[in-house]
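Undergrad: What follows is a single structure, and I will ask about it in a moment.
The values are calculated or read from the model by the stated rules, or taken from the named source; none is laboratory data. These figures come from a predicted structure and were not determined experimentally. Neighbour counts are summed over all protein chains in view; Cβ atoms, including those assigned to glycine, are modelled from backbone coordinates with ideal geometry. Heads up: the accessible areas ignore ligands, DNA and RNA and are worked out on the full protein's heavy atoms, side chains in. Shrake-Rupley method; radii C 1.70, N 1.55, O 1.52, S 1.80 Å.
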Amino acid sequence: MMCRQIANSFGLPAALLGAAAAIAVAQPQAAVALTVREVSDVAEKITVLIDGEVPGSGVIVARDGNTYYVLTTKHVAERAGGYKAVTPDGRRYPISSSTVQKLPDADLAVFQFTSKKDYQIATLADYNLAGEQFVFVSGWPAPSRAIQNPARLLSFGKLIPPEMRHLLSAAPFGEGSEGYELLYTSITQNGMSGGPVLDTSGRVIGIHGRAEGEVIYDDLNTGSPPLKIGFSLGMSTGTFLLAASKAGIIAKFRVEKSPPEPIALSEIGELYFTSFEMPDVRNRDAVYWADQGNKMLRLGQLAMASSAYDRALQINPNFYQAWYGKGLMLTYWKKYQEAIDAYEKALEIIERQLQTETEPNLRERLQKVGDNVLQLRGNLLQELGFSNPPAGQSRTAEPQDWIVPGLCGSEPAECQSPEVEPVQPPLW
């Protein structure tokens, strides 16, 4: 793809706290797609590291004279007192907690730093996001035993279409969601919260907030990476603009309204292939293989994800996290009945562990994961036309025991599960 630049007719924004949000909006004829290298260059210039005891990320969204405004998540900004904003040139600017403004109805916040240097301001994009469009998340992974020398990461993925979100996520969307409405496959790390989610034109379409799933380590193998089963979640630019208006932030944000040109997977090129890590076939760690399964799931390699989850379960058949991940993989593959069976396995194991676990924190963790799996299973049952099990019924009751009103007689034996057409695993 030829190198192309986003047309930009905006001057420097004036960011002031006041009564309402002033937004400079442009509607270009076409929002051209950039190369991956160009998107990465844009992301590098607008992404900041929020450095401190528990680091996070942010994005420069406005400037007023020597005052810059950084958008991040509320849960990152609320601990920013004593932290420093590290700009792309490596300079470190103190963050005063007095400049942190938490936004309403969303896990978003804005803070300030002062500098005479010229830093690039992000272009925001507010349009109807298309299901499964490519996106990029920019941020600074926190140091960990798996990441010894952190560097800014650009992680690509695809948006999950709205009609699939409730099948692939146990998170609330809409009321009570803290503004979370984006679900995407980008592989993200701790520390990337608050970083920008960009489209293929290098414009900020959202803010990354968190990744779903339970973080665990294998007690028998301290070399295992932390395991998260699930996808990543964020808040859209539209949510930010609405929250900024409610908070009384006056700022000429650079906003465009047109969607970008679509691109093919082949145009992702090197970034896609460098995301692959050939697994160590000699590894006998169930956590390792479940982690490989989740990575392959996020990369759209469902057949490889299936093999990795199966390998984890060969090593440890009672590893409920692998059954959980396999359920998500089968749902994404639209093998709904098989996904329900995987969730059932996870629930059975969780129930058994709850009967013997006495440590309060572990019990709470097990209960939360069980509730998530139960919700995902219930969503699939509704998708197939089954009703949820009545109150008081065992969480592990067989789905074929549930009656579908109006579709069959009064006996379970008279009911037949709806058929789902087999589909090929997508390589995006």
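Undergrad: Note down the net charge around PHE276, summing +1 for each Lys or Arg and -1 for each Asp or Glu among other residues with Cβ under 14 Å from its Cβ. All intermediate terms of the calculation are to be shown ahead of the outcome.
TA: Numbers: positive: LYS295, ARG298; negative: GLU270, GLU277, ASP280, ASP291.
Neighbourhood net charge equals -2.
Undergrad: Turning to a different aspect of this structure: Using a 1.4 angstrom probe, figure out how much accessible area the range 194-336 has per residue, in square angstrom, rounded to the nearest whole. Before the final figure, lay out each step's value.
TA: Values: 5170 Å² over 143 residues.
Per residue, the range 194-336 has an accessible area of 36 Å².
Undergrad: If you don't mind, there's one more thing I want to ask. Among rounded, prolate and oblate, which fits the range 296-368 when a ≥ b ≥ c are the square roots of the eigenvalues of its C-alpha gyration tensor, a/c under 1.5 means rounded, and a/b larger than b/c means prolate?
TA: Details: a/c = 2.28, a/b = 2.03, b/c = 1.12.
Verdict is prolate for the range 296-368.
Undergrad: Under the rule of at least 5 residues apart or a separate chain, name every residue whose amide H is placed under 5 Å from the amide H of GLY206.
TA: VAL197, THR237
Undergrad: Based only on Cα atoms, what mean projected area does the convex hull of the range 70-196 have, in nm²? Kindly include the intermediate steps, with their values, before the conclusion.
TA: Values: hull surface 37.3 nm².
Averaged projected area of the range 70-196's Cα convex hull equals 9.3 nm².
Undergrad: Using a 1.4 Å probe on the protein heavy atoms, what percent of the accessible area of the range 36-172 belongs to carbon and sulfur? Display every interim value, and only then the final one.
TA: Working: 2550 of 5520 Å².
C and S atoms contribute 46 percent here.
Undergrad: While we're looking at this one, here's another question. If one computes the Cα centroid of the range 229-269 and of the range 44-94, what distance in Å separates the two points?
TA: 18
Undergrad: Hey, what's the range 121-193 come to in accessible area per residue, 1.4 Å probe, Å²?
TA: Values: 2800 Å² over 73 residues.
Here the per-residue accessible area is 38 Å².
Undergrad: Solvent-accessible area per residue for the range 40-84 at a 1.4 Å probe radius, Å²? Display every interim value, and only then the final one.
TA: Values: 1470 Å² over 45 residues.
Result: 33 Å² of accessible area for each residue.
Undergrad: Hey, another quick one. Pull out the extension gain between LEU362 and ARG284, defined as 0.36 nm times the separation in residues minus the alpha carbon to alpha carbon distance; nm, one decimal.
TA: Values: separation 78, 0.36 × 78 = 28.08 nm, distance 2.45 nm.
Extra length from LEU362 to ARG284 when fully extended: 25.6 nm.
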